[in-house]
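Peer 1: Below is one structure. I have some questions about it.
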Amino acid sequence: MKQKIAFALIMGSITTGIISFTLILFNIGFSEKFLGVWLKSWAMAYIVVIPAILILSPLIEKFVKKMFDT
């Protein structure tokens with residue numbers, strides 16, 4: 001379980017960072033507000049994504065296993 005939590009924390013950090021950076025850059029560009037908006041968006045996304053990864057990953061693993069075991 002520790003390994004799954006560590007995976008969720010690391011993967012969530014990387015993916016939410018990349019996605020929030022890209023979307024904020026696309027929507028407001030590099031402006032004086034960029035860093036603050038990006039960090040706030042990243043934090044909010046991270047809070048949502050970690051529980052989602054922990055809840056959804058076992059279901060997705062089972063689904064993928066079924067897809068390839070038939």
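Peer 1: When the residues of the stretch 17-64 are narrowed to those that are open to solvent by 90 Å² or more (accessible area, probe 1.4 Å) and not in a helix (DSSP H, G or I), which ends up farthest from Phe7 (Cα to Cα)?
Peer 2: Glu32
Peer 1: Okay, moving on. Restricting to the stretch 30-70, what's the tally of residues that are touching a residue at least 24 places away in the same chain (Cβ under 8 Å) and among the β-branched types (Val, Ile, Thr)? Show your work before the answer.
Peer 2: Step one: of the stretch 30-70, the residues touching a residue at least 24 places away in the same chain (Cβ under 8 Å) are 42, 45-46, 49-50, 53-54, 57.
From what is left, the residues that are among the β-branched types (Val, Ile, Thr) are 49-50, 53.
Count: 3.
The values are calculated or read from the model by the stated rules, or taken from the named source; none is laboratory data. From a predicted model like this one, the values you see are computed outputs, not experimental measurements. Glycine gets a Cβ as well: all are built from the backbone with ideal geometry, and neighbour counts include every protein chain shown. Heavy atoms of the whole protein, side chains included, go into the accessibility calculation; ligands, DNA and RNA do not. Shrake-Rupley method; radii C 1.70, N 1.55, O 1.52, S 1.80 Å.
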